[in-house]
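Below: the structure, in structure tokens.
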Amino acid sequence: MSEKDYAPLSASCIRALNDKLYEKRKVAALEIEKMVKDFATANQIDQIKKLLKVLGDDFVYSQNPNTRKGGLIGLAATSIALGRDSCSYINELVKPVISCFHDSDSRVRYYACEALYNIVKVSRGSVLPFFNEIFDGLSKLSADPDQNVKNGAELLDRLIKDIVTESSSFNLVAFVPLLRERIYTRNPSARQFVVSWIQVLDAVPDINMLVLLPEILDGLFQILGDTSHEIRKMCLGVLDEFLAGIHRSKNGVNFTGMANILIIHSQNADDLIQYTAITWLREFIALAGRTMLPHLSGILNATLPCLSYSDNTRKKVRDAAEALSVSLHKLIEIQDDQPTPIMESTGEATLGAGDDVKKLPENSADADPQEPGAIQMDILSVLDVLQKMLGHEAVQTRVAALRWFSLLFSKTPNKAFKHIGEFFPLLLDTLSDPSDDVVLLDLEVLAEISAHPAGNNVSDDTLGVTVPGPLKQFVDVTHGLNQCFIKFIVQLLEIFKKDRQLLEDRGAFVIRQLSLYLSAEALFRSLAEIILVEEDMNFTSTMVQTLNTILLTSSEFFDLRTNLKDLSTKESCSLFCCLYKCWCHSPVAVVSLCYLTQNYKHACQLLQSFGDIEVTVDFLKEIDKLVQLIESPIFAYLRLHLLDMDHNQYLIKSLYGLLMLLPQSEAFKLLRYRLECIPHFHFQLEQGSKASCKGEDRPLVTQIDFDKLLTHFNKVQAQHREAKMAFKLSAVRNIKL
């Protein structure tokens, strides 16, 4: 090419710039530096622009690597010569150099870093309009396979950081899209580069990185999972600084914009990511309060499973999740039970679990959490999550879910009862849970449901349970219970009927615990009324025997036993008659009920009819249990009544009746020894005898129609005989078939 094509460069300078040796290119650069100084002194701006065009178009953009290197050193020399005036030519100086950041030749990339370093050193803040291009190039060069290139990029990077730090005109908004893109790089070096820049920008007083945080938080959590310990530590430090900044200026923080990001990372398999995300959520709740309520279902879904962690390595995560759950409990208030304006007008909530961020103000300051009804939780989405958690494999998670159910019925009963039909069956199924802790809490929740006044608004069809007629009237007059109570008891018996093993293993435990939360009298009365209409005779016998044992032996029913023993009120007499009719399904149980209520004469009458009952092994076992109970502290008063022979001959005779029914077993010997302790006497009871009997002369007891009760007993026993006969006939037919 002719010398004119490269003017104002001389032929020797052109040859030197194209040379492969750095020393010769350096000589050419010194010549260019002197030339530019002369042009600047003479104010020959056109010559400077012409030189920059030649160095850019003909050298930097050349196909020859050595020529490109010459162009880069020439541009650097021009910038040095111009000094502060280089800002007037910043476009011509910077753009060609940045293009070489992506060159295929590693030496060209290195010299590009060197050239731009020299340009930036003199032009300073003038390069900031090209910050995004420089940042993009440096982010890639930081991961360059050539170490020299990485070193050069690191030097340039430090200089750019100094300029940004001292600048007051950095365009953060324009930088956001690029940072959001580059933060998802997977290269460790590039990740370290990005985090270092976030660290620098956050330290600049004039830059509010909290505004940018929702855009980069997800990427930071991705980097937190890097395999490099150094990068993880660096990223964690940045996150800690951000959290401290949120504490300092909570009113300008977009809590809702970051909540879903934290919820997602709360489910991460990496312990550090999971712990950090849960910690942030707990801090957000402490700072933003009820603003976080729309995210409640997502937070519970993410963190309740963490309560199952038992190994020491994940103990921190579990502890953080427990603390978060406690914080969330405090957010629920009575005002959450009030309908929102949207719900009042449309009948349904518009905030879903997945779109809550779009529907809420981005800034927590835009909504006043203290204003009634301003922010409320979406209870349906919360209940959906809790139902899912009840099926979780971990006991701790199921326990936490039940505690949430209890809280919701305590604070938001009206809303909770609207959806009771959806989760009530699941709560009943949970009674079969293998964990006692889970069953205990489940019973507490079911008891809350049964006793809350809001349950009276539940329609008969909601739970799909048919309530026996007599019980509907009973519920209306029973203090402190609602329609759900009877439906619960009906379903409870149905569960026991289907799962006899559950009845055997957990029946007594369930009923005893329920008596602590509910009225013991109401509990036994409802059970008795429901059993009365049960058609499965085998189940009714088993259930009555279970209830009778519970009544006579459990400390929880001490007061109920006392009321039945005295029969001094109309209610106690009514309960006795109710229990009697049900207890007729177990002959020995009804005799024990008569002993408990001191109706000895009637017990004697019942025993006289035992001759018509089929004596089976199970029947003898029941008598054996009764003999053991007579020797227990519960029947101490009965044993003392044996001393009053004049008024308790029916009691003595009935005990002799039991003795006659028993074979000569251990129970036989035990009862015989007891009867031998009675002072000698003669039976003087004859048909129509008017001898008095202790306990039978109580005013209210005299109003009980014992003849009618005896008739009912005989009727029930006849039904049992018919059922046994039908079963035997069915078995014979099956054998023939």
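Quick notes on this structure:
- From most to least packed by mean Cβ count within 10 Å, the peptides 119-125, 276-282, 391-397 give 276-282, 119-125, 391-397.
- Full extension of the chain between Asn312 and Asn171 gives 46.1 nm of extra length, using 0.36 nm per residue less the Cα-Cα distance.
- Under the Karplus curve 6.51 cos²θ - 1.76 cosθ + 1.60, θ = phi - 60°, whole-Hz ³J(HN,Hα) for region 547-552, x wherever Gly or Pro sits: 5, 5, 5, 4, 4, 8
- The long axis of helix 483-498 is offset from the longest Cα principal axis of the chain by roughly 80 degrees.
- Computed from Cα positions, the angle between helix 188-203 and the longest principal axis of the chain comes to roughly 90 degrees.
- Loop-located GluC sites (Glu not before Pro) in region 277-341 (DSSP state other than H, G, I, E, B) with a sparse environment of at most 15 neighbouring Cβ atoms within 10 Å: Glu333.
- Nitroxide proxy distance, nm - points 7 Å out along Cα→Cβ at His680 and Glu504: 4.9
- The chain - percent of accessible surface contributed by carbon and sulfur, probe 1.4 Å: 50
- Computed from Cα atoms, the angle from the helix 131-141 axis to the main principal axis of the chain rounds to 80 degrees.
- Mean residue ellipticity at 222 nm, helices only, the chain: -21000 deg cm²/dmol; runs of at least 4 DSSP H residues each add -39,500 (n - 2.57), and the sum is divided by the number of residues.
- Trypsin sites (Lys or Arg not before Pro) restricted to region 175-229 and DSSP loop, no more than 16 other C-beta within 10 Å: Arg186
- Two-site label geometry, Asn132 and Arg84: point separation in nm, points 7 Å out along Cα→Cβ: 3.0
- Gained length - Glu722 relative to Glu535, 0.36 nm times residue gap less alpha-carbon distance: 66.1 nm
- With R₀ fixed at 30 Å, the C-beta to C-beta distance from Ala286 to Glu181 puts the FRET efficiency at about 0.35.
- Net charge of neighbours whose Cβ lies under 15 Å from the Cβ of Leu493, counting Lys and Arg as +1 and Asp and Glu as -1: -2
- The Cα trace of region 1-139 gives Rg and Dmax of 13.7, 40 Å, the first to one decimal, the second as a whole number.
- Computed lengthening from His392 to Leu620, 0.36 nm per intervening residue step minus Cα-Cα distance: 77.6 nm
- Calculated over region 563-668, the projected area of the Cα convex hull averaged across directions stands at 6.7 nm².
- Taking 7 Å steps out from each Cα toward its Cβ at Arg672 and Ile45 produces label points 13.3 nm apart.
The values are calculated or read from the model by the stated rules, or taken from the named source; none is laboratory data. This is a predicted model, so every value here is computed, not measured. Cβ sites come from the backbone with ideal geometry, for glycine too, and all protein chains shown count toward neighbours. What goes into the accessible areas is simple: the full protein's heavy atoms, side chains included, and nothing from ligands, DNA or RNA. Shrake-Rupley method; radii C 1.70, N 1.55, O 1.52, S 1.80 Å.
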